[in-house]
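The values are calculated or read from the model by the stated rules, or taken from the named source; none is laboratory data. Remember, it's a predicted structure, so these values are computed and weren't measured experimentally. Please note: Cβ atoms are built from the backbone with ideal geometry, for glycine as well, and neighbour counts cover all protein chains shown.
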Amino acid sequence: RQEQYRALRDVPAITRDGLRIGLHLNAGLLVDLAHLQETGAEGIGLFRTELQFMVAERMPSAVEQQNLYEAVFAATGDKPVTIRTLDIGGDKILPYMPKLEEENPALGWRAIRIGLDRPALLRVQLRALLKASGGRPLKIMFPMVATVDEFVRAKAIVDREKAHLRRHGHPLPSDCRLGAMIEVPSLLFQLDELTSHADFLSVGSNDLMQFLFAVDRENRRVADRFDPLSAPALRAFRIIAERAQAAGCPVTVCGEIGGRPLEAMALIGLGFRDLSMSPAAIGPVKATVLSMDAAAVGALIETELARGSEGESLRPALTAFAKAQ
Ligand code: PEP
Ligand code: MG
């Protein structure tokens, strides 16, 4: 199997009906970047910057942050990288930051909420990123956005940093794109407003499912109380794919779901064209892409959803379909 997947490394991921699918990697530490070569992935679809902060003994300085991002860009060369700003709080604790007592940390002061309330932290990170990417394209996305206003405010902070660097004669990124992660279900009902501000979207399905089904992703007792291939989950994914496509806004799925072959097949059937996943998932997902007919999967999902089997999983139907391919 491993050999078989390795042989697919340089084979483009194209479905039987001719759709080109972008397979990207999730990464967070410099060592992860070696997998780019080895897997033949198109780029880094999600770079989790907080990992570097979590393994550090103290808050990395501005210079240290810039060095880190320069190293990331050096290691990825011409391949695109999407950098996510600090996603701390909740289950991601920085050992050198005061611990917060929160009743519901997953719903608490975390990610972009901290970034907007303590803009100094976000500004240092953005400035380091902008400096490190001088002269090359840069894609930045914000985690745990719940309202369009939060995204607009985060974007304004980037604009201020860009203006600051420009005034000081620093080279800016050749192309700077800003995206929102779709992790909070409230965004499902603001997609048109959001796509009018965002350059791209990225679906953080781990958190999106956690909040959609009110199932703590860290709590094993409840973790399998829902299926991401059930009708409500697929409808959530479908509306994202549809609205993004209608707005001409690129969208990637970067949660764990994109790295599971059956789920990846369903997402492609729903209209997603870019998935970001762990290195070990690239081979199996590529094999699925090569064997599938996206239009047929889409039609199967539409039929099943229209049957109105509310809450039931489409997993058995999709499994049977995949076997017959
Ligand atoms: C997600 O929530 O799906 C995601 C990609 O972010 P993380 O797993 O880092 O929360
Ligand atoms: Mg998340």
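Some notes on this structure:
- Among the residues listed as Asp192, Asp224, Asp207, the single one being within 14 Å of ligand 2 (Cβ to nearest atom) and of a type in the set (Asp, Glu): Asp207
- Those helices (runs of 4 or more DSSP H) lying entirely in segment 195-307 with at least 2 residues surrounded by 17 or more Cβ atoms within 10 Å (Cβ to Cβ): 205-212, 231-247, 261-270, 279-291, 294-306
- For Leu178: the one exception among (1) more than 15 Å from ligand 2 (Cβ to nearest atom); (2) within 16 Å of the chain's Cα centre (by Cα); (3) outside any strand (DSSP E or B); (4) of a type outside the set (D, E, K, R): (3)
- Complete set of residues in segment 19-33 that are without any contact (Cβ under 8 Å) to a residue 40 or more places away in the chain and either in a loop (DSSP other than H, G, I, E, B) or more than 12 Å from Thr82 (Cβ to Cβ) (or both): Gly28, Leu29, Val31
- The lone exception for Thr147 - which of (1) modelled with pLDDT of 95 or more; (2) within 19 Å of the chain's Cα centre (by Cα); (3) buried (at least 16 other Cβ atoms within 10 Å of the Cβ) it fails: (3)
- Test for Arg58: is it closer than 22 Å to Gly258 by Cβ and touching a residue at least 24 places away in the same chain (Cβ under 8 Å): no
- Count of segment 188-226 residues, restricted to those that are in contact with a Lys or Arg (Cβ under 9 Å, 6 or more places away or on another chain), of a type in the set (S, T, N, Q) and away from ligand 1 (no atom under 13 Å from the Cβ), is 1.
- From the list Leu262, Leu194, the one residue that fits, being of a type in the set (A, V, I, L, M, F, W, C), closer than 18 Å to Ile21 by Cα, in contact (Cβ under 8 Å) with a residue 40 or more places away in the chain and out of contact with any Asp or Glu (no Cβ under 7 Å at 6 or more places or on another chain), is Leu262.
- Long-range neighbours under 6 Å by Cβ, at least six apart or interchain, first residue over 16 Å from Leu94 (Cα atoms) within segment 110-129, second of a type in the set (S, T, N, Q) and part of a helix (DSSP H, G or I): Ala128/Gln65; Ala128/Gln66
- Residue in segment 96-111 that is nearest to ligand 1 (Cβ to nearest atom), counting only those that are surrounded by fewer than 13 Cβ atoms within 10 Å (Cβ to Cβ) and of a type in the set (Asp, Glu): Glu103
- In segment 34-55, of all residues being without any contact (Cβ under 8 Å) to a residue 60 or more places away in the chain and surrounded by fewer than 18 Cβ atoms within 10 Å (Cβ to Cβ), the one that is nearest to Gly283 (Cα to Cα) corresponds to Gln37.
- Qualifying position, being closer than 20 Å to Cys254 by Cβ, touching a helix residue (DSSP H, G or I) at 6+ places or on another chain (Cβ under 6 Å) and either within 16 Å of ligand 1 (Cβ to nearest atom) or aliphatic (A, V, I, L, M) (or both), among Leu46, Leu36, Leu23, Leu51: Leu23
- Leading residue by the ranking (surrounded by the most Cβ atoms within 10 Å (Cβ to Cβ)) among those in segment 74-95 that are farther than 18 Å from Gly108 by Cα, modelled with pLDDT of 95 or more and among the charged types (D, E, K, R): Arg84
- Residue that is farthest from Thr15 (Cα to Cα), among those in segment 308-325 that are within 26 Å of the chain's Cα centre (by Cα) and assigned to a loop (DSSP other than H, G, I, E, B): Gly311
- Residue match in segment 281-296 (condition: at pLDDT 95 or above and within 16 Å of ligand 2 (Cβ to nearest atom)): no
- Selection count, segment 15-33, where residues are aliphatic (A, V, I, L, M), closer than 23 Å to Val297 by Cβ and surrounded by 20 or more Cβ atoms within 10 Å (Cβ to Cβ): 2
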